[in-house]
Every structure is written in C-alpha cells, then in structure tokens.
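Trainee: Shown below is the structure under consideration.
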Amino acid sequence: MKTLKVGIASYDAMKARTLAIAKGELKPKASDPKVWFTSPESFAKLLSNRNRSLLSVITETRPESLNELAARTGRTAGNLSRTLRTMERYGLVRLHKGARGMVRPEVPYRDVQLEMTLL
C-alpha cells in the first residue's frame with residue numbers, strides 16, 4: 001500500500017496555492033501533499049483512535065457492505081456512512097458502489113505522512 005501525504009495550511013494559504021497552480025505560476029511537485037487540512041485539530045479528529053480502529057477493521061476483514069461493517073464494529077450504518085463519506089473526501093477510504101445500492105469500503109493507504117510548517 002502507498003502513503004498518503006497530508007498537509008496543514010490555513011484556508012488563505014490553500015486558496016493562494018490553488019490559484020497559483022491554476023494560473024500556472026506554481027507547478028506542484030510529486031512529493032507535495034495531496035490532501036490538505038486547515039488545522040492539526042481537524043486532522044486529529046478525522047484520524048481519532050476510533051476512526052483508525054475502523055480503518056483497521058476495514059483493512060483486516062474486507063467487508064462487502066456497510067451493514068457487514070456495522071455488525072463487525074458495533075456502529076450504526078448511518079454513523080458509518082457519514083464517517084466514511086468524510087474519510088472518502090480526504091482520500092482515506094474508497095467507497096465502491098455495488099449491486100442493490102450496497103457500498104463496499106476500501107482503505108487504499110497504509111500510512112499517512114503529515115507535513116506542516118510550525119511558523
């Protein structure tokens with residue numbers, strides 16, 4: 001599995017970077033973060049112990065549906081759906097749509113690398 005590189009920057013810094021890329025003034029490097037958070041707290045909240053445990057269950061058991069995952073974790077399907085959609089927005093999971101509306105979660109990364117400027 002690959003490593004997901006994550007960055008932390010203010011909203012203004014992310015917006016300026018995006019505009020510079022769109023204008024051709026900045027060419028992103030392959031080593032640049034692919035996902036950005038506006039604060040260390042938001043990053044930590046998404047990767048809480050409970051959510052990291054959820055990612056482990058997905059990786060180890062490879063559930064075929066959210067209902068199967070709910071049964072294995074003791075969490076409700078609605079709660080899992082919201083959490084997994086948020087994780088999908090940040091690239092931490094992929095949700096594959098199957099027959100009869102079933103959704104199969106997959107964890108594409110084993111590691112997350114954080115890049116953050118202190119000042």
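Trainee: Could you please let me know if GLY91 is touching a residue at least 24 places away in the same chain (Cβ under 8 Å), among the small types (Gly, Ala, Ser), out of contact with any Phe, Trp or Tyr (no Cβ under 7 Å at 6 or more places or on another chain) and within 22 Å of LYS2 (Cβ to Cβ)?
Mentor: Judged against the criteria, GLY91 is a match.
Trainee: Right, ARG50: under 20 Å from ARG110 (Cβ atoms), loosely packed, with under 12 Cβ neighbours inside 10 Å and not polar (S, T, N, Q) or not?
Mentor: Yes, satisfied.
Trainee: So, in the range 23-41, exactly how many residues are under 24 Å from GLU88 (Cβ atoms) and without any contact (Cβ under 8 Å) to a residue 12 or more places away in the chain?
Mentor: Here the count works out to 3.
Okay, residues lined up against (1) at pLDDT 95 or above; (2) surrounded by 12 or more Cβ atoms within 10 Å (Cβ to Cβ); (3) not in a loop (DSSP other than H, G, I, E, B):
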{"residue": "VAL6", "(1), (2), (3)": "no, yes, yes"}
{"residue": "LYS15", "(1), (2), (3)": "no, no, yes"}
{"residue": "THR18", "(1), (2), (3)": "no, yes, yes"}
{"residue": "TRP36", "(1), (2), (3)": "no, yes, yes"}
{"residue": "LEU55", "(1), (2), (3)": "yes, yes, yes"}
{"residue": "ILE58", "(1), (2), (3)": "yes, yes, yes"}
{"residue": "ASN67", "(1), (2), (3)": "no, yes, yes"}
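Trainee: Right, something else. So LYS45 ticks every box in (1) over 22 Å from LYS5 (Cα atoms); (2) out of contact with any helix residue (DSSP H, G or I) (no Cβ under 7 Å at 6 or more places or on another chain) but one. Which box is left unticked?
Mentor: It is condition (1) that LYS45 fails.
Trainee: Ok, one more. Could you list, in sequence order, all residues of the range 69-78 that are surrounded by fewer than 12 Cβ atoms within 10 Å (Cβ to Cβ) and in a helix (DSSP H, G or I)?
Mentor: Residue satisfying the conditions is GLY78 alone.
Trainee: Just name the residue that is modelled with the lowest pLDDT out of those in the range 79-106 that are part of a loop (DSSP other than H, G, I, E, B) and surrounded by 13 or more Cβ atoms within 10 Å (Cβ to Cβ).
Mentor: The residue in question is MET102.
The values are calculated or read from the model by the stated rules, or taken from the named source; none is laboratory data. Model, not experiment: these values are computed from the prediction. We place every Cβ from the backbone using ideal geometry, glycine too, and count neighbours over all the protein chains shown.
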